[in-house]
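> Next up is a structure, given as structure tokens.
The values are calculated or read from the model by the stated rules, or taken from the named source; none is laboratory data. Keep in mind that this is a model prediction, so the values were computed, not measured. So basically every Cβ, Gly included, is an ideal-geometry build from the backbone, and we count neighbours across all protein chains shown. We work out accessible area using only protein heavy atoms, side chains counted, and drop any ligands, DNA or RNA first. Shrake-Rupley method; radii C 1.70, N 1.55, O 1.52, S 1.80 Å.
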Amino acid sequence: MKTQKITQITLLLFLLLATNPIFSQGCSDAGVCSVTQQFDAPSSKKLAHHFSLTPSIGLGDQQSWILGSVISYQIQNQKGWSFGLALPYSTTFGNIATTSGIGDIILSLNAPLFKNADHQVSWLIAGKIATGDANKLDQGMALPMIYQQSSGTNDLITSLQWNFKTWLFAAGYQHAFNTTENTFLSSDFLLDSDAAKYHSSAYLKRGDDVMVRFEKRFQGKKKSSFKAGVLPIFRIQADEIKVNDEYQEIANSTGLTLNLYTAWRYQFSEQFYTELQLAAPPITREVRADGTTRSFLLNLRMAFSL
């Protein structure tokens, strides 16, 4: 009963967050959020294969809707080492265009460092490989980053994770090695046009991100469980764009985005579970030109193991 009340209160909180327009920027899916959410799979005495499909819906810049899906695969050996591959696909419905395509591929390696009855420490390193130049056009004009399925950059992502009983603590870092080929400048459009309301992102040079994650899990009735967490992401360097062949910093592009999330999970069997997750940010950076703005994000993960 106590767990059920906690679940109801938390879901109500997130629904209020998601429908409040001031919460305009969500989890940075430049990679640091999604890649640090690893498979929650039991240890196996043999080589194990884990698969998942995660459809999602989110609300982005200028009330644009993003429908997506991520297919993931992970192979894990008897000692807990694992290698993962994630391939996203998404469609953006906005007020200036509709675009679809494959997103950036993420390859990850997870290494166990320490494990006993109560504690488990692991280290993850991942690479995000751009599948495009992030410069899709509409009627010959460049589109903002929210309409680009690829971020246009190749990134390194790493994190350290500590599980203690029903608690999870993690810290991560993300660095982009290159700039995008996006050429969108809001100044190219009439001031009263819809396109002029988006942030300029020409040849965007994204700053580095540092994240931490705190999560608590609760056991529900029978095969269900519930978790809630907080995920602060700090943009520690200002983003930069190129204007008139010179790079300039984007004002107010550094700082904190604080993501809150909650999830309900049902374990159908040892090999198969589903998890419904809702996330929203009560604190945001003022300017985010990279297109990762989300007022809320709702996804359903379906995972099974062999």
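> Just to be sure before I move on: is Asn110 open to solvent by 60 Å² or more (accessible area, probe 1.4 Å) and either outside any strand (DSSP E or B) or in contact with a Ser or Thr (Cβ under 6 Å, 6 or more places away or on another chain) (or both) in the structure I sent? If you could, list the steps in order and put the result at the bottom.
Values: open to solvent by 60 Å² or more (accessible area, probe 1.4 Å): no; either outside any strand (DSSP E or B) or in contact with a Ser or Thr (Cβ under 6 Å, 6 or more places away or on another chain) (or both): yes.
Spelling it out, it is not the case that Asn110 is open to solvent by 60 Å² or more (accessible area, probe 1.4 Å) and either outside any strand (DSSP E or B) or in contact with a Ser or Thr (Cβ under 6 Å, 6 or more places away or on another chain) (or both).
> Can His175 be described as open to solvent by 10 Å² or more (accessible area, probe 1.4 Å), part of a strand (DSSP E or B) and closer than 24 Å to Asp133 by Cβ?
Details: open to solvent by 10 Å² or more (accessible area, probe 1.4 Å): yes; part of a strand (DSSP E or B): yes; closer than 24 Å to Asp133 by Cβ: yes.
Against the criterion (open to solvent by 10 Å² or more (accessible area, probe 1.4 Å), part of a strand (DSSP E or B) and closer than 24 Å to Asp133 by Cβ), His175 qualifies.
> So if I check each of Asp104, Asp138, which one is of a type in the set (Asp, Glu) and open to solvent by 20 Å² or more (accessible area, probe 1.4 Å)?
Numbers: Asp104 fails: open to solvent by 20 Å² or more (accessible area, probe 1.4 Å).
Asp138 is the lone residue from the list that is of a type in the set (Asp, Glu) and open to solvent by 20 Å² or more (accessible area, probe 1.4 Å).
> One residue is enough: does the range 267-277 have a residue meeting the conditions in contact (Cβ under 8 Å) with a residue 60 or more places away in the chain, in a strand (DSSP E or B) and open to solvent by 40 Å² or more (accessible area, probe 1.4 Å)?
no
> Give me the pairs, please: first residue somewhere in the range 290-306 and part of a loop (DSSP other than H, G, I, E, B), second residue anywhere and open to solvent by 40 Å² or more (accessible area, probe 1.4 Å), beta-carbon distance under 8 Å, and either six or more positions apart or on two chains.
Going by the 8 Å Cβ cut-off, the qualifying pairs are Thr292/Asp29; Thr293/Ser24; Arg294/Asp29; Ser295/Pro21; Ser295/Ser24; Leu306/His49; Leu306/Phe51; Leu306/Gln271.
> Separate question: Among what's in the range 229-285 and is under 22 Å from the mean Cα position of the chain (by Cα) and among the acidic types (Asp, Glu), pick the residue that is nearest to Arg301 (Cα to Cα).
Only one residue tops the list, namely Glu275.
> Additional query: Six or more apart or on different chains, Cβ under 6 Å: which pairs go from a residue in the range 54-66 that's closer than 12 Å to Ala97 by Cα and open to solvent by 50 Å² or more (accessible area, probe 1.4 Å) to one that's modelled with pLDDT of 95 or more and in a strand (DSSP E or B)? Could you list them?
Close Cβ pairs satisfying both conditions: Trp65/Phe93.
> Taking Val212 as meeting all but one of (1) touching a Pro at 6+ places or on another chain (Cβ under 7 Å); (2) assigned to a loop (DSSP other than H, G, I, E, B); (3) over 16 Å from Thr292 (Cα atoms), write down the number of the exception.
Every condition holds for Val212 apart from (2).
> Still on this structure: In the range 72-89, which residue that is surrounded by fewer than 19 Cβ atoms within 10 Å (Cβ to Cβ) and in a strand (DSSP E or B) is farthest from the chain's Cα centre (by Cα)?
In the first step, residues of the range 72-89 are kept if they are surrounded by fewer than 19 Cβ atoms within 10 Å (Cβ to Cβ); the result is 73, 75, 77-81, 83, 85, 87, 89.
This time we only want the ones that are in a strand (DSSP E or B), so: 73, 75, 83, 85, 87, 89.
Values: Tyr73: 17, Ile75: 22, Phe83: 19, Leu85: 15, Leu87: 13, Tyr89: 13 Å.
It comes out as Ile75.
> Every residue in the range 235-260 that is in contact with a strand residue (DSSP E or B) (Cβ under 9 Å, 6 or more places away or on another chain), open to solvent by 60 Å² or more (accessible area, probe 1.4 Å) and assigned to a strand (DSSP E or B), please.
Once the filter is applied, which keeps residues that are in contact with a strand residue (DSSP E or B) (Cβ under 9 Å, 6 or more places away or on another chain), open to solvent by 60 Å² or more (accessible area, probe 1.4 Å) and assigned to a strand (DSSP E or B), the range 235-260 yields Lys242, Tyr247, Gln248, Glu249.
> Filter the range 144-166 down to the residues that are more than 21 Å from the chain's Cα centre (by Cα) and not polar (S, T, N, Q) and list them by number.
Phe164, Lys165
> Does Ile96 meet the test of being within 25 Å of Asp188 (Cα to Cα), open to solvent by 20 Å² or more (accessible area, probe 1.4 Å), of a type in the set (A, V, I, L, M, F, W, C) and at pLDDT 95 or above?
On the way: within 25 Å of Asp188 (Cα to Cα): yes; open to solvent by 20 Å² or more (accessible area, probe 1.4 Å): yes; of a type in the set (A, V, I, L, M, F, W, C): yes; at pLDDT 95 or above: yes.
Yes: the conditions hold for Ile96.
> Consider Gly152 against the criteria (1) touching a Gly at 6+ places or on another chain (Cβ under 6 Å); (2) open to solvent by less than 50 Å² (accessible area, probe 1.4 Å): it satisfies all of them except one. Which criterion is unmet?
Of everything listed in (1) touching a Gly at 6+ places or on another chain (Cβ under 6 Å); (2) open to solvent by less than 50 Å² (accessible area, probe 1.4 Å), Gly152 misses just condition (1).
> Quick check, is Lys221 more than 22 Å from Asp290 (Cα to Cα), part of a loop (DSSP other than H, G, I, E, B) and open to solvent by 30 Å² or more (accessible area, probe 1.4 Å)?
On the way: more than 22 Å from Asp290 (Cα to Cα): yes; part of a loop (DSSP other than H, G, I, E, B): yes; open to solvent by 30 Å² or more (accessible area, probe 1.4 Å): yes.
So Lys221 passes the test.
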